Amino acid sequence: MDEICSTYPGLVVSNQVPFSLIDTRPLDGMDDVCHRQGVKLLTYGTLCGGFLSDKWLDADEPDLYSTTLTPSQRKYLDIILNGWGNWDLFQELLTALKEIGDRHGGRSVANVATRWVLDHDFVACVIVGVRMGVSDHSEDNDKAYGFTLSKEDMNKIERVLDKSRGKDLYRILGDCGGEYRMK
């Protein structure tokens, strides 16, 4: 992206990439390029197919091949278990997010996870998936606004993330979107 932006200044103004508490690959250099080139990110995967939600707090580890999981959830569960860390560490993250949300007037795990992504100044927006007629979380999604994460909140989150292999996902999966390309 840096080469394209340098060759054709002003041509690229945004880039759509995955970014979440689990998939932090944009923090592996893309953030620097965004700042240098004035590019903003439109992020997806912010809630990891719904795994970053209250629904999964204290839940048993699902079977990766369960027929109740969507293909998107299978992809994110595989990243959580085989790339990022394990189910126990994921539960530790959900617990931290729940505690932070409770301190901010009962915000949900999803609200805190979304706020964490939005609080990066190179992010323009998050794209939250909706399954028409199956789930509608628009009212809850609105609650991701109207609060900010404190330094204490960020430190609590970072203590969990530091135990994960999140910083290795670039090496494991490739660059943002690399998991979708033919090898």
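Overview of results
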| quantity | calculated |
| --- | --- |
| Residues (under 24 Å from Ala144 (Cα atoms), of a type in the set (Asp, Glu) and in a loop (DSSP other than H, G, I, E, B)) located in the range 25-65 | Asp58 |
| Single residue of Leu42, Leu57 found to be over 18 Å from His120 (Cβ atoms), open to solvent by 30 Å² or more (accessible area, probe 1.4 Å) and of a type in the set (A, V, I, L, M) | Leu57 |
| Search result, residues across the range 1-26 that are surrounded by fewer than 16 Cβ atoms within 10 Å (Cβ to Cβ) and under 21 Å from Arg115 (Cα atoms) | Ser14, Gln16 |
| Answer residue from the range 153-181, given it is within 20 Å of Gly45 (Cβ to Cβ) and assigned to a loop (DSSP other than H, G, I, E, B) and is modelled with the lowest pLDDT among those | Arg181 |
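The values are calculated or read from the model by the stated rules, or taken from the named source; none is laboratory data. Note that this is a predicted model, so its numbers are computed, not measured. Positions of Cβ are generated from backbone atoms using ideal geometry, with glycine treated the same way; all protein chains shown enter the neighbour counts. Side chains are part of the model used for accessible areas, which takes the heavy atoms of the whole protein and leaves out ligands, DNA and RNA. Shrake-Rupley method; radii C 1.70, N 1.55, O 1.52, S 1.80 Å.
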